[in-house]
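Below is one structure, written out as structure tokens; comments come after it.
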Amino acid sequence: MDLDSFFVSVECLKNSALKGKPLLIGGTSSRGVVASCSYEARRFGIHSAMPMKMALRLCPHATILRGDMDSYSYYSRLITDVIAEEAPLFEKASIDEFYLDLTGMDKYFGCYAWSQELRQKIIGESGLPISFGLSVNKMVSKVGTGEAKPNGEKQVSAGTEKGFLAPLPVKKIPGVGKETHKKLSFMGVKSIRTLSEIPVKLLEREFGKMGRQLSEKSNAIDRSLVVPYTERKSISKERTFTEDTLDLRMMKALLTDMVDKLTFDLRDGQKLTACITVKIRYADFNTYTKQRRIPYTANENTILRYALELFDTLHHRRQLIRLIGVKFSHLVPGKYQISLFDDTVQHIQLMKEMDHIRKRWGSGAIGRAACLDMPDRFKKKYVNPFQKG
């Protein structure tokens with residue numbers, strides 16, 4: 001199951017005036033890339049991972065939005081919860097893509113009818129379009145989902161997989177990237193049917209270990225299993241600057257803002273962390289990280305103190321910085337425990353009130369005054385994730 005143009009669909013759900021327009025989600029700077037685009041924008045040749053400059057040359061009248069990860073995460077969790085209630089076994093492959101294993105369900109249910117009912121339930125509860133492909137393995141199901149889009153359904157019955165794949169172009173095979181597709185084109189291989197007829201040894205000679213994978217996939221063979229969904233063991237945020245910088249005050253304000261949002265995510269998910277990692281990437285792309293083990297906590301003041309100490313230890317070169325990030329790992333379930341020595345009544349009440357505001361209006365609704373010094377280009381525009389139309 002795959003949500004159609006997920007980021008775009010969420011934005012259109014929040015603002016119906018965007019429907020039917022060429023819409024681009026991504027960075028607006030000279031380094032910006034397209035994270036997602038509407039089907040209207042795709043008609044101009046735009047696709048994800050394309051530089052935003054190129055996309056605007058193809059479609060100058062497109063609407064650009066930076067995107068709102070808080071909203072996208074909210075809807076992703078909502079859909080995950082719906083699937084978890086219904087599916088016997090599922091794997092969350094990404095923020096908007098799921099694999100479900102329905103093995104054995106045909107004895108009691110019709111798998112296709114059950115999948116249709118689940119899809120309608122997801123659409124009803126989220127308001128977002130979603131497509132699915134049903135087949136004998138993950139690879140064929142994924143290709144089937146692509147053929148079902150937008151907002152459609154596709155069943156590839158057992159025994160018809162090779163016939164379904166045969167006429168499709170080789171770039172439809174998951175894992176066939178730009179370079180592999182280019183090399184196959186030079187070999188005269190355009191369709192999956194042609195690829196399936198090439199001897200394995202020839203493909204291995206040309207592509208190495210990937211040659212056997214290409215042969216198996218083109219013959220509808222995929223032995224990978226659906227991996228059960230598990231809780232995340234870490235959460236992180238990072239920011240690549242539009243311009244490399246030496247402004248330590250701004251970087252510490254940004255680090256403070258990221259820590260505030262992550263600690264709220266910890267408390268909201270009833271999690272505690274025992275390890276903090278800070279990352280710096282310089283203009284020459286050399287990347288350095290430093291981490292520290294700490295007592296389990298979700299207190300932003302405690303975590304921020306350690307994060308800033310790590311940043312000061314890590315920043316040892318008088319050189320422009322391109323990116324900073326912070327990660328919390330070693331997560332365990334648990335509620336925040338008040339410290340008898342570090343916490344005050346005022347701070348506990350302040351945390352509760354701030355968490356209440358963020359739960360109602362989103363994590364960007366309130367923050368520290370220290371973060372107000374950040375230039376506008378480093379601030380994340382707040383959008384109410386529950387606002388529609």
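Does the stretch 60-73 contain at least one residue that is outside the structural domain of VAL10 (by TED's automatic domain parsing), surrounded by fewer than 15 Cβ atoms within 10 Å (Cβ to Cβ), modelled with pLDDT of 90 or more and out of contact with any Leu (no Cβ under 8 Å at 6 or more places or on another chain)? No, the stretch 60-73 contains no residue that is outside the structural domain of VAL10 (by TED's automatic domain parsing), surrounded by fewer than 15 Cβ atoms within 10 Å (Cβ to Cβ), modelled with pLDDT of 90 or more and out of contact with any Leu (no Cβ under 8 Å at 6 or more places or on another chain). Among the residues of the stretch 228-259, those that are at pLDDT below 90, of a type in the set (Val, Ile, Thr) and either part of a helix (DSSP H, G or I) or more than 29 Å from LEU100 (Cα to Cα) (or both) comprise THR240, THR242, THR245. Could you tell me how many of the residues in the stretch 152-175 are over 19 Å from TYR99 (Cβ atoms) and not in a strand (DSSP E or B)? Within the stretch 152-175, residues that are over 19 Å from TYR99 (Cβ atoms) and not in a strand (DSSP E or B) number 9.
Yes/no per residue for (1) in contact with a helix residue (DSSP H, G or I) (Cβ under 7 Å, 6 or more places away or on another chain); (2) of a type outside the set (Lys, Arg); (3) modelled with pLDDT under 75; (4) not in a helix (DSSP H, G or I):
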| residue | (1), (2), (3), (4) |
| --- | --- |
| ILE324 | yes, yes, no, yes |
| LYS335 | no, no, yes, yes |
| ILE338 | yes, yes, yes, yes |
| ILE348 | no, yes, yes, no |
| GLU353 | no, yes, no, no |
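Taken over the stretch 278-317, the residue count meeting the criterion of being closer than 24 Å to ARG77 by Cβ and either part of a strand (DSSP E or B) or of a type in the set (D, E, K, R) (or both) is 3.
Yes/no matrix, rows are residues, columns are (1) within 18 Å of PRO169 (Cβ to Cβ); (2) free of Cβ contacts under 8 Å to residues at least 12 places away in the same chain; (3) assigned to a loop (DSSP other than H, G, I, E, B):
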| site | (1), (2), (3) |
| --- | --- |
| LYS182 | yes, yes, no |
| GLY188 | yes, yes, yes |
| ARG193 | yes, no, no |
| ILE198 | yes, no, yes |
| ARG212 | no, no, no |
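Reported count of residues in the stretch 12-40, each being closer than 18 Å to SER71 by Cβ and either of a type in the set (Gly, Ala, Ser) or in contact (Cβ under 8 Å) with a residue 60 or more places away in the chain (or both), is 10. When SER71 is tested against the conditions (1) touching a residue at least 40 places away in the same chain (Cβ under 8 Å); (2) farther than 29 Å from GLY269 by Cβ; (3) small (Gly, Ala, Ser), the lone failure is (2).
Is there a residue in the stretch 123-132 that is in contact with an Asp or Glu (Cβ under 7 Å, 6 or more places away or on another chain), assigned to a loop (DSSP other than H, G, I, E, B) and β-branched (Val, Ile, Thr)? Checked the stretch 123-132: no residue is in contact with an Asp or Glu (Cβ under 7 Å, 6 or more places away or on another chain), assigned to a loop (DSSP other than H, G, I, E, B) and β-branched (Val, Ile, Thr). Filter the stretch 160-211 down to the residues that are β-branched (Val, Ile, Thr) and surrounded by 15 or more Cβ atoms within 10 Å (Cβ to Cβ), then identify the one that is nearest to GLY146 (Cα to Cα). Looking at the filtered set, the residue picked out is ILE173.
The values are calculated or read from the model by the stated rules, or taken from the named source; none is laboratory data. It should be emphasised that the depicted structure is a prediction, and the values quoted were computed from it without experimental measurement. Positions of Cβ are backbone-derived with ideal geometry, glycine not excepted, and every protein chain shown enters the neighbour counts.
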